[in-house]
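Novice: Below is the structure I would like to discuss, written out as structure tokens.
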Amino acid sequence: MRLLLVWLLSSLLLTSAALAQEPVSPVPLVPKKPQQAASQTPPATPPTTHRLDAADLSAFFDGIIPLQLERADIAGASVLVMKNGQLLLQKGYGYSDTKDKKPVDPANTIFRLASISKLFTWIAVMQLQEQGKLDLDTDINTYLDFKIRPAFGKPITLRNLMTHTAGLEEVLRDILLIKPKRVPTLREFLIANQPERLFPPGLVPAYSNYGVGLGSYIVERVSGQPFEQYVAEHIFAVLGMTHSTFYQPLPKDLADLPSEGYRANSEKLPVGFEIFNPVGAGGLSSTAADMGRFGQALLNGGELDGKRILKPETLAAMFTPQFRASDQMPTMAMGFYETWRNDLRWIGHEGDLIAFHSLFFVEPAHKIILFVSFNSSSAGSRTRPELVEMFSDRYYHTDQKQTLITVPRKELQSIAGTYQSTRRADSTKIRLANLFSQRTATLDKDGVLQIPDVKDLRGHTIKWKPIGKDLLQQVDGQHKIFAIRDSNDKVVRLAYDFPGVQAERVRWFDNVKVVQFLVGFSILTLVAVVLAAASRAIRRRALRSRPLPAPQPGTRWLPLPTQIAAWMWVLIASAILVIFAVIGDDLTPPTHAWDKYFYLTNFVTAIAIFFSVLAIFSAVLVWPRNDLRTITKIKFSLVAFACLYLSWFAIHWNIIGPTTRI
């Protein structure tokens, strides 16, 4: 019954990465023809620009971080800001251990940085590429001792992996382990969890931890060293990052330094050390001070204190745009992605575990490093974008005016519809999460596009208006959406500010509203069958001395197999509702220990489908009979339809399906 934990977790993961993006296409997606401006609105940002110095930064972060900790019940945070190689702010806030009231020390308190790890994996790949040991555009099977299954007639390359355009579906099994009896090796994890492929390589971004895991294993294979050791020797040691490691759990000399991680309530017990698989995608542990040294190396062309991790031209290539939907949208570079605000072009990565939520950005033009990490799960949504936006507006305010254009309503209406994330799984049991992550774009009478679940930092639904062909911008804001059309001029995907994922239009029969209606109708129909059968059983038991009421002529009770099918589907639906009600915030990804529950789910669902087939046959057989009333035949048919749709639903959404891949 713990199956639903997978679905809910995947829903949260998909939603957190949910809005998205696209690659640089070989054909320009934005037309060269200018369009007439219809109106201009002033920006919502304040006009005052502050001086970026230590005193003002201290005042800024001393004001906002404690407020965030209090508002979201976050235990602690570690912050670093540098400019032009000068340390302007390095400070800890709150506690790394709430029980012992241990304060956060930015120089020594180690935080788990999750997906920021990916930057180090790709730095390692580029080091080997510099040495001529790797080719970014060669089939990755060349470097592996197992095979990635073929699909779409085109191989996956390292460049695809670095830009999240390998087309791999989502993988969750064993991705996070807490106090495991045994941790699979990197090779074991990759072989046991190889995903299917949703898209041809190089065309659609679909953020993939598994893909980065392949990159880290290739480093291991080509270098001849375990990935953790390679990074320790060739990056951490070179840059003097003495409090950083990929080993999980931490080595003995660092074992007393990690911050505890907390769920939404910092008064609860800590989560425990989260072991992330594959290690190269999320296993990094580090401090604010160490990440400052890494940032300096990036801004110094790969060199720090006379020691080099990359050549300047190699690092410049890593920062070069690789994939995006439009030249007016943030880009996906080689492992790094951009975040735009005002005139700043932040480039870096964020990272999320259950408890830890971090941000590491550099701004090459202004030589800025911004790092922040929180140690509580409640920091996962609002805190980081709030910091980036407020920092950018405070120190680099611009007077850019928002130029809107007028386009035909039909063109905007073609964007409306329901979409799902390209970061998803279609072949495993977490497919059901795709329903929960769908978002519907609607167009109001004034030609304003809205997506109800997409809100600004105030919690208001964002309104979008056109600023170019298929390009919309947040009213009084800077976020953008780009509509991607196919060869028939139909909008098939939407690209958002985060270039590692996109939103893909769903088919009508996968639309959550259609599914909810048909599932609801089917369940209510079968609940009526169950209640009727229960009522007859109660009356039979309570009124034993009275004869049972005879049905009207031409009426026939539903046969036993049909009633069993109804009971089974109602039981399955009830179990799902109960699990959703009692799960709360204690979410952990599935492991192989869950297999027995998946097998049980398959077994119960198979029984329900078997009896559903008998119910359908019963409905077919009653229609030729002249001795039955039409209302009886309709009842049989409604129950048969409910059983048929729920059987299709269970198969299509993988409620019954693979148990060895999640």
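The values are calculated or read from the model by the stated rules, or taken from the named source; none is laboratory data. Since the structure is predicted, the reported quantities are computational estimates derived from the model, not experimental observations. So basically every Cβ, Gly included, is an ideal-geometry build from the backbone, and we count neighbours across all protein chains shown. Please note that ligands, DNA and RNA were not included when accessible areas were found on the heavy atoms of the full protein model with its side chains. Shrake-Rupley method; radii C 1.70, N 1.55, O 1.52, S 1.80 Å.
Novice: Determine, yes or no, whether GLY554 is in contact (Cβ under 8 Å) with a residue 24 or more places away in the chain, touching a helix residue (DSSP H, G or I) at 6+ places or on another chain (Cβ under 7 Å) and either basic (Lys, Arg) or assigned to a loop (DSSP other than H, G, I, E, B) (or both). So that I can check it myself, show each step before the final result.
Specialist: On the way: in contact (Cβ under 8 Å) with a residue 24 or more places away in the chain: yes; touching a helix residue (DSSP H, G or I) at 6+ places or on another chain (Cβ under 7 Å): yes; either basic (Lys, Arg) or assigned to a loop (DSSP other than H, G, I, E, B) (or both): yes.
So GLY554 passes the test.
Novice: Looking only at the range 45-77, count every residue that is outside any helix (DSSP H, G or I) and either in contact with a Lys or Arg (Cβ under 8 Å, 6 or more places away or on another chain) or open to solvent by 50 Å² or more (accessible area, probe 1.4 Å) (or both) and tell me the total. Show your work before the answer.
Specialist: Taking the range 45-77 as the starting set, the residues that turn out to be outside any helix (DSSP H, G or I) are 45-53, 73-77.
Okay, now just the ones that are also either in contact with a Lys or Arg (Cβ under 8 Å, 6 or more places away or on another chain) or open to solvent by 50 Å² or more (accessible area, probe 1.4 Å) (or both), so 46-52, 73.
Adding up the residues that qualify gives 8.
Novice: What do you reckon, is SER378 at pLDDT below 95 and not in a loop (DSSP other than H, G, I, E, B)?
Specialist: Values: at pLDDT below 95: yes; not in a loop (DSSP other than H, G, I, E, B): yes.
Yes; evaluated as a whole, the condition is true for this residue.
Novice: Filter the range 185-205 down to residues that are touching a helix residue (DSSP H, G or I) at 6+ places or on another chain (Cβ under 7 Å) and in a loop (DSSP other than H, G, I, E, B), then give me how many there are.
Specialist: Adding up the residues that qualify gives 4.
Novice: Mind listing just one residue for me: the one in the range 128-158 that is open to solvent by 60 Å² or more (accessible area, probe 1.4 Å) and in a helix (DSSP H, G or I) and, of those, nearest to PHE199 (Cα to Cα)?
Specialist: Within the range 128-158, the match that is nearest to PHE199 (Cα to Cα) is THR142.
Novice: So, of the residues in the range 576-607 that are modelled with pLDDT of 90 or more and not hydrophobic (A, V, I, L, M, F, W, C), which turns out to be most open to solvent (accessible area, probe 1.4 Å)?
Specialist: Ranking the qualifying residues of the range 576-607, first place goes to TYR599.
Novice: Then there's this: What are the pairs with Cβ atoms under 6 angstrom where one residue, in the range 162-178, is in contact (Cβ under 8 Å) with a residue 12 or more places away in the chain and the other, located anywhere, is part of a loop (DSSP other than H, G, I, E, B) and of a type in the set (A, V, I, L, M)? Sequence gap at least six, or different chains.
Specialist: Between residues of the range 162-178 that are in contact (Cβ under 8 Å) with a residue 12 or more places away in the chain and residues that are part of a loop (DSSP other than H, G, I, E, B) and of a type in the set (A, V, I, L, M), the close pairs are MET162/MET334; ALA166/ILE156; GLY167/LEU198; GLU169/LEU198; GLU169/ALA425; GLU170/ALA425; LEU172/ILE662; ARG173/ILE662.
Novice: Turning to a different aspect of this structure: So, of the residues in the range 397-424 that are at pLDDT 95 or above and touching an Asp or Glu at 6+ places or on another chain (Cβ under 7 Å), which turns out to be surrounded by the fewest Cβ atoms within 10 Å (Cβ to Cβ)?
Specialist: ARG424
Novice: Mind checking which residues of the range 113-160 are within 25 Å of ALA379 (Cα to Cα) and touching an Asp or Glu at 6+ places or on another chain (Cβ under 6 Å)?
Specialist: ALA114
Novice: Which pairs turn up if I take residues in the range 443-455 that are part of a loop (DSSP other than H, G, I, E, B) and look for partners that are among the β-branched types (Val, Ile, Thr) with beta carbon separation below 9 Å, at least 6 apart in sequence or on another chain?
Specialist: Partner pairs satisfying both residue conditions: GLY447/THR406; GLY447/VAL407; VAL448/VAL475.
Novice: Is it the case, given these coordinates, that ALA365 is in a loop (DSSP other than H, G, I, E, B) and without any contact (Cβ under 8 Å) to a residue 60 or more places away in the chain?
Specialist: Numbers: in a loop (DSSP other than H, G, I, E, B): yes; without any contact (Cβ under 8 Å) to a residue 60 or more places away in the chain: yes.
So ALA365 fits the description; yes.
Novice: Separate question: Counting just the residues of the range 490-507 that are surrounded by fewer than 21 Cβ atoms within 10 Å (Cβ to Cβ) and either without any contact (Cβ under 8 Å) to a residue 24 or more places away in the chain or among the polar types (S, T, N, Q) (or both), which one comes out nearest to GLU338 (Cα to Cα)?
Specialist: In this case the residue turns out to be VAL492.
Novice: Just to verify a result, which residue in the range 288-314, among those that are over 17 Å from ILE368 (Cβ atoms) and in contact (Cβ under 8 Å) with a residue 40 or more places away in the chain, is surrounded by the most Cβ atoms within 10 Å (Cβ to Cβ)?
Specialist: Looking at the filtered set, the residue picked out is ASP290.
Novice: Is there any pair linking a residue in the range 204-227 that is farther than 28 Å from SER326 by Cβ to one that is of a type in the set (Ser, Thr, Tyr) and open to solvent by 10 Å² or more (accessible area, probe 1.4 Å), with Cβ under 7 Å and at least six apart or on different chains, and which?
Specialist: The qualifying pairs are ILE218/TYR143; ARG221/TYR143; VAL222/TYR143.
Novice: Report every pair of residues separated by at least 6 positions or lying on different chains whose Cβ atoms are under 8 Å apart, first residue within the range 339-360 and under 18 Å from ALA77 (Cβ atoms) and touching a residue at least 12 places away in the same chain (Cβ under 8 Å), second among the acidic types (Asp, Glu) and open to solvent by less than 10 Å² (accessible area, probe 1.4 Å).
Specialist: Close Cβ pairs satisfying both conditions: LEU353/GLU274; ILE354/GLU274; ALA355/GLU274; PHE356/GLU274.
Novice: Follow-up. Could you list all residues from the range 238-281 that are of a type in the set (Phe, Trp, Tyr) and either closer than 18 Å to PRO180 by Cβ or in contact with an Asp or Glu (Cβ under 6 Å, 6 or more places away or on another chain) (or both)?
Specialist: Of the residues in the range 238-281, the ones of a type in the set (Phe, Trp, Tyr) are 246-247, 262, 273, 276.
Selection gives PHE246, TYR247, PHE273, PHE276.
Novice: Also, quick follow-up: Do we find that VAL515 is modelled with pLDDT of 95 or more, open to solvent by less than 30 Å² (accessible area, probe 1.4 Å) and farther than 24 Å from MET332 by Cα in this structure?
Specialist: yes
Novice: Which of (1) in a strand (DSSP E or B); (2) open to solvent by 20 Å² or more (accessible area, probe 1.4 Å) is the odd one out, the single condition ILE354 does not satisfy?
Specialist: (1)
Conditions (1) under 30 Å from THR591 (Cα atoms); (2) in contact (Cβ under 8 Å) with a residue 12 or more places away in the chain; (3) outside any helix (DSSP H, G or I); (4) out of contact with any helix residue (DSSP H, G or I) (no Cβ under 9 Å at 6 or more places or on another chain), marked per residue:
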{"residue": "ILE609", "(1), (2), (3), (4)": "yes, yes, no, no"}
{"residue": "LEU614", "(1), (2), (3), (4)": "no, yes, no, no"}
{"residue": "VAL620", "(1), (2), (3), (4)": "no, yes, no, no"}
{"residue": "ILE634", "(1), (2), (3), (4)": "no, no, no, yes"}
{"residue": "LEU638", "(1), (2), (3), (4)": "no, yes, no, no"}
{"residue": "CYS643", "(1), (2), (3), (4)": "no, yes, no, no"}
{"residue": "SER647", "(1), (2), (3), (4)": "yes, yes, no, no"}
{"residue": "ILE651", "(1), (2), (3), (4)": "yes, yes, no, no"}
{"residue": "ASN654", "(1), (2), (3), (4)": "yes, yes, yes, no"}
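Novice: PHE273: open to solvent by less than 10 Å² (accessible area, probe 1.4 Å) and aromatic (Phe, Trp, Tyr), yes or no?
Specialist: Numbers: open to solvent by less than 10 Å² (accessible area, probe 1.4 Å): no; aromatic (Phe, Trp, Tyr): yes.
Answer is no for this residue.
Novice: Would you pick out the residues in the range 457-489 that are open to solvent by 50 Å² or more (accessible area, probe 1.4 Å) and within 11 Å of MET329 (Cβ to Cβ)?
Specialist: If the condition is that a residue be open to solvent by 50 Å² or more (accessible area, probe 1.4 Å) and within 11 Å of MET329 (Cβ to Cβ), then HIS479 is the only one that fits.
Novice: Here is a follow-up. Does the range 315-323 contain any residue that is of a type in the set (Val, Ile, Thr) and either in contact with a Ser or Thr (Cβ under 7 Å, 6 or more places away or on another chain) or crowded, with 18+ Cβ neighbours inside 10 Å (or both)? Give the derivation first.
Specialist: Taking the range 315-323 as the starting set, the residues that turn out to be of a type in the set (Val, Ile, Thr) are 320.
Pick out the ones that are also either in contact with a Ser or Thr (Cβ under 7 Å, 6 or more places away or on another chain) or crowded, with 18+ Cβ neighbours inside 10 Å (or both) and you get none.
For the range 315-323, residues of a type in the set (Val, Ile, Thr) and either in contact with a Ser or Thr (Cβ under 7 Å, 6 or more places away or on another chain) or crowded, with 18+ Cβ neighbours inside 10 Å (or both): absent.
Novice: Just to be sure before I move on: is ARG182 modelled with pLDDT under 95, assigned to a loop (DSSP other than H, G, I, E, B) and open to solvent by 20 Å² or more (accessible area, probe 1.4 Å) in the structure I sent? Step through it out loud before you land on a result.
Specialist: Working: modelled with pLDDT under 95: yes; assigned to a loop (DSSP other than H, G, I, E, B): yes; open to solvent by 20 Å² or more (accessible area, probe 1.4 Å): yes.
Taking the combined requirement at face value, the residue satisfies it.
Novice: Continuing with the same structure: Can you find, within the range 159-171, the residue that is surrounded by the fewest Cβ atoms within 10 Å (Cβ to Cβ) among those that are at pLDDT 95 or above and part of a loop (DSSP other than H, G, I, E, B)?
Specialist: First, pick out the residues of the range 159-171 that are at pLDDT 95 or above: 159-170.
Within this subset, residues satisfying the condition of being part of a loop (DSSP other than H, G, I, E, B) are 163-167, 169-170.
Working: THR163: 28, HIS164: 30, THR165: 27, ALA166: 30, GLY167: 25, GLU169: 22, GLU170: 28.
Step by step, filter the range 159-171, then rank; the result is GLU169.
Novice: Let me ask something additional. Sort through PHE273, PHE246 and tell me the only one that's of a type outside the set (Gly, Ala, Ser), in contact (Cβ under 8 Å) with a residue 12 or more places away in the chain and touching a Phe, Trp or Tyr at 6+ places or on another chain (Cβ under 9 Å).
Specialist: Values: PHE273 fails: touching a Phe, Trp or Tyr at 6+ places or on another chain (Cβ under 9 Å).
Matching residue, one of PHE273, PHE246: PHE246.
Novice: Given the options ARG112, ARG187, ARG182, name the one that is among the basic types (Lys, Arg) and closer than 21 Å to ILE218 by Cα. Working first, answer last.
Specialist: Working: ARG112 fails: closer than 21 Å to ILE218 by Cα; ARG182 fails: closer than 21 Å to ILE218 by Cα.
Going through ARG112, ARG187, ARG182 in turn, the sole match is ARG187.
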